[in-house]
Amino acid sequence: MPSDTPRPSEQRAKRLLWFVFLYVASLAVFAALVYGLRGIVPR
């Protein structure tokens, strides 16, 4: 960890990237769950 604090723009970009990563990960988990339930329950 560098001793100097990151610039506000970098911190904001990193936070935005983290939120985007969490959003995409949750979408992937939800899609996998729906796909798995569709595979388990035949319609």
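The values are calculated or read from the model by the stated rules, or taken from the named source; none is laboratory data. The structure displayed is predicted, hence computed values, not measured ones. FYI the Cβ positions are ideal-geometry reconstructions off the backbone, even for glycines, and counts take in every protein chain you see.
Report the residue count in the stretch 1-30 for those that are among the small types (Gly, Ala, Ser) and at pLDDT 95 or above. Reasoning before the result, please.
Taking the stretch 1-30 first, the residues among the small types (Gly, Ala, Ser) are 3, 9, 13, 25-26, 28.
Filter once more, keeping what is at pLDDT 95 or above: 25-26, 28.
Counting residues in the stretch 1-30 that are among the small types (Gly, Ala, Ser) and at pLDDT 95 or above gives 3.
Name the one entry in Leu33, Leu37 that is surrounded by 10 or more Cβ atoms within 10 Å (Cβ to Cβ) and either modelled with pLDDT of 85 or more or touching an Asp or Glu at 6+ places or on another chain (Cβ under 6 Å) (or both). Let's see the steps before the verdict.
Numbers: Leu37 fails: surrounded by 10 or more Cβ atoms within 10 Å (Cβ to Cβ).
Only one candidate passes the filter, namely Leu33.
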